[in-house]
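Below: the structure, in structure tokens.
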Amino acid sequence: MTGPGLTEFERVVLPHLDAAHNLARWLVADATLAEDIVQDAALRAFSYFSSYRGGDAKAWLLRIVRNLAYTALDARRRAGTTSLDDGTTADGEDHPAMQVPDAADDPEASLARREGFARLDRALATLPADLRECLVLRELEELSYKEVAQVTGVPVGTVMSRLWRARQALMQSGTEGRAP
Amino acid sequence: MNKGECAEMTLLIQAGVDGELAPAEAARVAAHLDQCPACADTESQLLALSGRLRRELPFYAAPDALHAAVRARIAAAAPAPKVRSPAAPVWRRLSWRNVWPVAPFGAGAAVAAVALLLLLPTGGGLPDAVVASHVRALQPGHLMDVVSTDQHTVKPWFDGRLDFAPPVKDFQREGFPLTGGRLDYLDERPVAALVYGRRQHLIDLYVWPEEGRPDVAPTSDSRNGYNMLRWRQGGMMFWAVSDLGAQELADFVRLWRAA
Ligand SMILES: [Zn+2]
């Protein structure tokens with residue numbers, strides 16, 4: 001089942017499968033699609049693995065996931081199979097807007113029942129995709145600025161300003177964590 | 001504080017919250033925060049927001065079934081088997097070596113050792129795992145690793161990828177056409193999944209070796225509306241699962257066992 005490449009791949013890349021799934025899930029807001037994206041991303045990563053030259057395996061895998069997620073959203077939007085409304089990013093680029101995850105029918109989101117979660121989640125969901133992905137990568141995936149830049153393919157300065165705009169939006173939407 | 005200095009501070013304060021400041025910059029930011037209530041407030045808001053995001057938003061770890069599916073598909077995509085068992089039966093080595101560039105290793109000692117670790121067929125969460133795997137495979141866009149109605153294509157496809165040679169049979173004429181196969185992962189081992197059609201339904205037949213164990217007649221089970229039949233025959237364990245009715249699934253199994 002394995003050559004030397006597979007053992008190495010399992011050691012270096014597969015530990016980041018949870019991170020990959022989390023990112024996919026936040027980007028597409030669809031449990032089934034997220035799993036398919038992770039499977040495709042892992043297979044792609046494996047087939048590109050011979051060209052992987054060390055370095056940050058997590059960021060490397062997440063970049064593949066991120067690109068596949070946008071491709072999938074784009075395809076779905078063009079197919080017109082969902083009610084995704086077309087979003088425009090803060091940069092004026094056209095990006096698929098995201099669905100607000102429906103926490104009510106999602107058993108994974110038992111956290112949703114916690115006070116305040118729905119509001120924060122919703123505010124995050126309504127951010128433009130490029131701001132949201134930066135925030136998810138930084139806060140939930142705990143990537144450094146440099147890694148976020150690597151995943152999203154923009155300079156570190158852009159990461160910083162996107163993060164700031166994302167946080168500003170959340171703070172202004174009244175979901176900031178001031179002590180009640 | 002003058003507005004220009006505060007504006008310049010914003011991204012630095014954020015970088016401090018994100019742990020991205022070098023000590024010298026951090027000291028400069030701290031000095032400003034000491035004297036500027038507005039910026040100090042910004043910092044505390046950023047810290048609070050960060051805390052809430054991490055505390056309250058879910059981190060969607062990959063489900064176990066996804067971990068297993070990824071491993072199985074990568075194993076399927078890998079070029080060559082890991083273990084070549086020196087104990088492979090001679091007949092199998094002879095019969096395949098000249099045909100396939102990758103010599104499949106027979107169901108030898110290594111496999112027998114693995115089989116000892118397997119749950120008994122009735123045991124534990126295996127029925128749930130089988131149904132979960134079947135349901136996953138039914139999802140739109142899920143790929144079959146080898147799509148073929150020809151058993152002479154499907155069988156060799158497995159031979160390079162598994163440490164055993166699953167029997168492959170077709171029942172086209174009886175109304176259960178073979179449609180393909182894939183590698184799957186059950187009970188912490190790669191298994192063969194043969195896919196059969198029946199009208200608009202699919203049957204997954206999972207196969208793996210349990211060498212040296214006695215034949216066992218089919219036992220039925222069901223989970224969440226899916227019917228299952230499992231049996232052991234010729235040192236192989238078989239699990240058939242489908243949303244077909246129990247009777248039709250039993251017909252399929254009867255055909256399989258008789259062929
Ligand atoms: Zn200030």
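The values are calculated or read from the model by the stated rules, or taken from the named source; none is laboratory data. The structure displayed is predicted, hence computed values, not measured ones. For neighbour counting, all protein chains shown are included, and Cβ atoms are generated from backbone atoms with ideal geometry for every residue, glycine included. Each accessible area value is taken on the protein alone, full model and side chains, heavy atoms only, with ligands, DNA and RNA left out. Shrake-Rupley method; radii C 1.70, N 1.55, O 1.52, S 1.80 Å.
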- Search the stretch B:234-245 for residues that are in the same structural domain as B:Ser220 (by TED's automatic domain parsing) and pair each with any residue that is of a type in the set (Ser, Thr, Tyr) and open to solvent by 10 Å² or more (accessible area, probe 1.4 Å) when their beta-carbon atoms are under 8 Å apart and the residues are at least 6 apart or on different chains. B:Val241/B:Tyr226; B:Ser242/B:Tyr226; B:Asp243/B:Tyr226
- Of B:Leu162, B:Leu178, which residue is touching a helix residue (DSSP H, G or I) at 6+ places or on another chain (Cβ under 7 Å) and open to solvent by less than 60 Å² (accessible area, probe 1.4 Å)? B:Leu178
- Task: State yes or no: is B:Ala26 away from chain A (no Cβ under 13 Å), open to solvent by less than 60 Å² (accessible area, probe 1.4 Å) and more than 10 Å from the ligand (Cβ to nearest atom)?
- Result: yes
- Could you please let me know if A:Ser110 is modelled with pLDDT of 95 or more and not assigned by TED's automatic domain parsing to the domain that holds A:Ala24? no
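Could you list, in sequence order, the residues of the stretch B:6-23 that are β-branched (Val, Ile, Thr) and either surrounded by fewer than 15 Cβ atoms within 10 Å (Cβ to Cβ) or within 10 Å of the ligand (Cβ to nearest atom) (or both)? Break it down into steps so the answer makes sense when it comes.
Residues of the stretch B:6-23 that are β-branched (Val, Ile, Thr), as a first pass: B:10, B:13, B:17.
Within the stretch B:6-23, B:Thr10, B:Ile13 meet the criteria.
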- the stretch A:116-180: helices (runs of 4 or more DSSP H) wholly inside it with 1 or more residues that are at pLDDT 95 or above and within 11 Å of another protein chain (Cβ to nearest Cβ) are A:129-135, A:145-152, A:156-170
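Mind checking which residues of the stretch B:145-169 are free of Cβ contacts under 8 Å to residues at least 40 places away in the same chain and over 22 Å from B:Arg232 (Cβ atoms)? Spell out how you get there, then give the answer.
Kept after step one, since they are free of Cβ contacts under 8 Å to residues at least 40 places away in the same chain, are these residues of the stretch B:145-169: B:146-153, B:155, B:157-158, B:168.
Within the stretch B:145-169, B:Val146, B:Val147, B:Ser148, B:Thr149, B:Asp150, B:His152, B:Thr153, B:Trp157 qualify.
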- Query: So which residues in the stretch B:57-72 are more than 9 Å from every other protein chain (Cβ to nearest Cβ) and either open to solvent by 40 Å² or more (accessible area, probe 1.4 Å) or free of Cβ contacts under 8 Å to residues at least 12 places away in the same chain (or both)?
  - Reply: B:Asp64
- the stretch B:1-58, residues that are farther than 22 Å from A:Leu23 by Cβ and not in a helix (DSSP H, G or I): B:Met1, B:Asn2, B:Leu21, B:Ala22, B:Cys36
- Pick from the stretch B:30-56 the residues that are away from chain A (no Cβ under 14 Å) and more than 10 Å from the ligand (Cβ to nearest atom): which of them is nearest to the chain's Cα centre (by Cα)? B:Ala30
